[in-house]
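Visitor: The structure's right below; bear with me while I get my questions together.
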Amino acid sequence: MSRVLIVIDSENTKNAIELLEVARCIYLEQPYETYAIADGDTSNIVIGNFHHVFKSVDDLIKRPDVRDLVDVIAELQSAYHFSSILVPATQMGRMLAPRLAMRLHVGLVADVTGVEHSTDGEIHLVRPAFSGKIMACISNYGKTPLMMTVRQNVFTYEPQKKLQTDVIEIKSSSKPRRSVNLIHTTAKPASHDIRDSKVLVSGGGGIKRDFNKLEALANALDGQVSASRSIVDSGVATRNVQVGQSGKTVSPKLYIALGIYGALQHIEGLKNVHHIISVNTNKEAPICSLSDIVVEGDAVEFIEKLLKKINDPTES
């Protein structure tokens, strides 16, 4: 039976559940077992969702140096021979994955957004390439484990049933590294990630000159402002609000696209969006074909009229 090791980032446990869907996409109807290992306490997310969870008795993997976690996983690979190792594409995951791949002498596919199967059963991993201009299918050859980092907010996992989770206590034979020491911690200010927003008001090249008007509409709808790559590249918006292959993948309940053409790179950043409203002077723009409602016209005028209606519902 295949064994899948999923690395959990204790600061982003939601992604751990998404990685379970990746495992399901890889093995389909084939039997497999899931193993979890984390850099902190994640018992609330792993119990009932994984078959097995590794718990360190010496707290080595909780240290601030990801190389300690690499040492532990390398030892576990020798003992359990995992068929695949899935790592979230978080800050921690991006530091850990390349080090672990080099230690295990295997290939690494970064920022995976899809899993496909060829007619002969070969697994293809899909990821954006050339700054999101194309989607590349990566074939995997050679020895296991199959190793990848997975982009956040792309896969959606629906648990089928609660599992009986077996807790496996481990103790590393490696000595903790002393080159990185945690001196003190400072609480990170609360940030507003567009991936967590239920409503996104997004602007493209068609509203570049009036992009600042999106904020008022986003606030009125209790949402956030996002942007296409053209807006970010022009310096009007920052990279952290970019939607698309080279930006973030979002899944809001409502996505209002203002002056967005909807090239492939942008469309790939929209996953499981409940409703899309497009406002564009070109009703043949690609994003319009995906929209529930298409408004042919000026985006600024649309914002002004919608705000007026929100502020005064009796307004005709």
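The values are calculated or read from the model by the stated rules, or taken from the named source; none is laboratory data. The structure presented is a predicted model; accordingly, all values stated were derived computationally and were not measured. No Cβ is skipped: glycine too gets one built from the backbone with ideal geometry, and neighbour counts run over all protein chains shown.
Visitor: Kindly evaluate LEU258 against the criterion of being at pLDDT 95 or above, touching a Gly at 6+ places or on another chain (Cβ under 9 Å) and among the aliphatic types (A, V, I, L, M). Steps first, answer last, please.
Guide: Values: at pLDDT 95 or above: yes; touching a Gly at 6+ places or on another chain (Cβ under 9 Å): yes; among the aliphatic types (A, V, I, L, M): yes.
Taking the combined requirement at face value, the residue satisfies it.
Visitor: Going through the range 201-218 one residue at a time, which ones are of a type in the set (S, T, N, Q) and more than 25 Å from the chain's Cα centre (by Cα)? Before you say what the answer is, go through the steps one by one.
Guide: Restricting attention to the range 201-218, the residues satisfying the condition of being of a type in the set (S, T, N, Q) are 202, 212.
The answer is ASN212, and nothing else.
Visitor: Could we say that HIS124 is in contact with a Cys (Cβ under 8 Å, 6 or more places away or on another chain) and either farther than 19 Å from LEU20 by Cα or surrounded by fewer than 19 Cβ atoms within 10 Å (Cβ to Cβ) (or both) here? If you could, list the steps in order and put the result at the bottom.
Guide: On the way: in contact with a Cys (Cβ under 8 Å, 6 or more places away or on another chain): yes; either farther than 19 Å from LEU20 by Cα or surrounded by fewer than 19 Cβ atoms within 10 Å (Cβ to Cβ) (or both): yes.
Judged against the criteria, HIS124 is a match.
Visitor: Can you give me the number of residues within the range 82-117 that are within 15 Å of the chain's Cα centre (by Cα) and surrounded by fewer than 16 Cβ atoms within 10 Å (Cβ to Cβ)?
Guide: Step one: of the range 82-117, the residues within 15 Å of the chain's Cα centre (by Cα) are 86-94, 109-115.
Filter again for surrounded by fewer than 16 Cβ atoms within 10 Å (Cβ to Cβ), leaving 91, 94.
Of the residues in the range 82-117, 2 are within 15 Å of the chain's Cα centre (by Cα) and surrounded by fewer than 16 Cβ atoms within 10 Å (Cβ to Cβ).
Visitor: From the list ILE310, ILE287, which one is within 15 Å of LEU221 (Cβ to Cβ) and either touching a residue at least 12 places away in the same chain (Cβ under 8 Å) or in contact with a strand residue (DSSP E or B) (Cβ under 9 Å, 6 or more places away or on another chain) (or both)?
Guide: Details: ILE287 fails: within 15 Å of LEU221 (Cβ to Cβ).
Within the list ILE310, ILE287, the selection yields ILE310.
Visitor: Looking at the range 267-291, which of the residues that are in contact with a Ser or Thr (Cβ under 9 Å, 6 or more places away or on another chain) and part of a loop (DSSP other than H, G, I, E, B) is nearest to GLY244 (Cα to Cα)?
Guide: Among residues in the range 267-291 that are in contact with a Ser or Thr (Cβ under 9 Å, 6 or more places away or on another chain) and part of a loop (DSSP other than H, G, I, E, B), the one nearest to GLY244 (Cα to Cα) is GLY269.
Visitor: Out of the range 225-245, which residues are in contact with a Lys or Arg (Cβ under 9 Å, 6 or more places away or on another chain), in a strand (DSSP E or B) and not hydroxyl-bearing (Ser, Thr, Tyr)?
Guide: Within the range 225-245, GLN242, VAL243 meet the criteria.
Visitor: Here's something else I'd like to know. Picking from ALA129, ALA79, ALA136, which residue would you name as being surrounded by fewer than 16 Cβ atoms within 10 Å (Cβ to Cβ) and modelled with pLDDT of 90 or more?
Guide: Values: ALA129 fails: modelled with pLDDT of 90 or more; ALA136 fails: modelled with pLDDT of 90 or more.
Going through ALA129, ALA79, ALA136 in turn, the sole match is ALA79.
Visitor: Follow-up. Name, by its number, the condition in (1) over 20 Å from the mean Cα position of the chain (by Cα); (2) modelled with pLDDT of 95 or more; (3) hydrophobic (A, V, I, L, M, F, W, C) that does not hold for ALA285.
Guide: (2)
Visitor: Right, GLU158: in the same structural domain as CYS25 (by TED's automatic domain parsing) and in a strand (DSSP E or B) or not? Working first, answer last.
Guide: Details: in the same structural domain as CYS25 (by TED's automatic domain parsing): yes; in a strand (DSSP E or B): no.
Here the answer is no, as GLU158 does not meet what is asked.
Visitor: Additional query: Can you tell me which residue is nearest to the chain's Cα centre (by Cα) among those in the range 188-200 that are modelled with pLDDT under 90 and part of a loop (DSSP other than H, G, I, E, B)?
Guide: ASP193
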